[in-house]
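The values are calculated or read from the model by the stated rules, or taken from the named source; none is laboratory data. From a predicted model like this one, the values you see are computed outputs, not experimental measurements. Every residue, glycine as well, gets a Cβ built from its backbone with ideal geometry; the counts of neighbours run over all protein chains shown. Note: areas computed on protein heavy atoms with side chains; ligands, DNA, RNA excluded. Shrake-Rupley method; radii C 1.70, N 1.55, O 1.52, S 1.80 Å.
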Amino acid sequence: MAGLICKNRVLLSRSAPLFSQLSARAYGGGDAHHSGLPLPQTKVDIGQREVVGFGGNGEATYIDSVMAPFPAIRFKEDAGEIMALREKEKGDWKKLTKEEKKVLYRASFCQTLAEVEAPTGEWKSVLGLTLVGISIGVWGYLWMKAFVYGKVPDTITNEEKQKAQIDRMIAMRVNPIEGLTSNYDYEKGQWKK
Amino acid sequence: MRLAVKPAMVRPSMVSQVRLMSGGGESDAEFDSRYVAYFDRSDIDGWEIRKGMADLCAMDMVPEPVIVASALRACRRVNDYSLTTRILEIIKVKCADKEAEFWPYIMQELKPTLDELGILTPAELGYDQPELALPNPYEIH
């Protein structure tokens, strides 16, 4: 389809009439006819960088990814020092020094896969910000308690009233199997030891 | 140094018939020879090497060293050195949690090809550890 990069050798003349229709609609007719290489779906100016592959999805963009490790274009343009190295690359690779090999790699690729996969330490900011958020929540509760909530009712704070309520619960045999009155010895009239 | 245990295949050995889409089941040996033949074509170009390797690495398995060796020789024919380093890096990544078991074997099998073509491994280039840092473009303020 229009977005795919095809091998240079594939003849596109068969699809050119269909393609120029598509491009006429998509790009307002400006590029109805051109050299025969299909345009990428998104118009990205890649400069002079060489298109070398299909990439992740056929678009002529550079993306470093373990899922698609061979980007569609080289990372840097072939200029100056890199041109000289490209000539040397055509010869025996044993004659390339380690530094030259590294320069060639960085010309084609932005990051090594080790760099792509390297840990970012982002977990520290995630954890820190989460804890800050929790702290704000706790402070919020303390403020509410101090300034918003009313006093706790007398039936809870008054010792005698609490005792009377518990006595009533014992008389009613509340939760006699595993709960409150299961701990009360009714024969002796006291709490179980 | 000989490995005490040499795995028969770098793919899980429970898989004998894979790739249902290729109409009728292909044996591992046929799969390997198909890919070796693909990379051994004398008129292969860089695009095809990258596409073949990308498809190979998209599969749930680690490619056999013979396939990797023919891909490296194909890189030599198109005079693309950095592609060889990238291929070796992605093969190592593909080993995933079995890296300690598979990678030495793969390196052992590839050594003749690497020496013949003058290819340094990513570790020899210092690329097994991150070398340069790239700021996250979304975090640049």
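Residue-level check: of (1) more than 14 Å from chain B (Cβ to nearest Cβ); (2) at pLDDT 90 or above, A:His34 misses just (2).
B:Ala96 meets the conditions (1) within 11 Å of chain A (Cβ to nearest Cβ); (2) touching a Lys or Arg at 6+ places or on another chain (Cβ under 9 Å) in every case but one. The failed one is (2). Restricting region B:52-65 to residues that are part of a helix (DSSP H, G or I) and surrounded by 17 or more Cβ atoms within 10 Å (Cβ to Cβ) leaves a set whose member that is farthest from the other protein chains (Cβ to nearest Cβ) is B:Pro65. On inspection, B:Tyr105 passes the criterion of being touching a residue at least 60 places away in the same chain (Cβ under 8 Å) and either open to solvent by 40 Å² or more (accessible area, probe 1.4 Å) or not small (Gly, Ala, Ser) (or both). Being closer than 16 Å to B:Thr84 by Cα, within 8 Å of chain B (Cβ to nearest Cβ) and touching a Phe, Trp or Tyr at 6+ places or on another chain (Cβ under 8 Å) is not true of A:Ala68. Scanning region B:123-141 for residues that are part of a helix (DSSP H, G or I) and more than 7 Å from every other protein chain (Cβ to nearest Cβ), which turns out surrounded by the most Cβ atoms within 10 Å (Cβ to Cβ)? This residue is B:Ala123. Among the residues of region A:70-110, those identified as buried (at least 19 other Cβ atoms within 10 Å of the Cβ) and either of a type in the set (Phe, Trp, Tyr) or in contact (Cβ under 8 Å) with a residue 40 or more places away in the chain (or both) are A:Phe70, A:Ala72, A:Trp93, A:Tyr105, A:Ser108, A:Phe109.
What residue, of A:Thr97, A:Thr120, A:Thr112, is under 18 Å from A:Ala68 (Cβ atoms) and within 11 Å of another protein chain (Cβ to nearest Cβ)? Lay out the reasoning, then the answer.
Numbers: A:Thr97 fails: under 18 Å from A:Ala68 (Cβ atoms); A:Thr120 fails: under 18 Å from A:Ala68 (Cβ atoms).
Result of the check over A:Thr97, A:Thr120, A:Thr112: A:Thr112.
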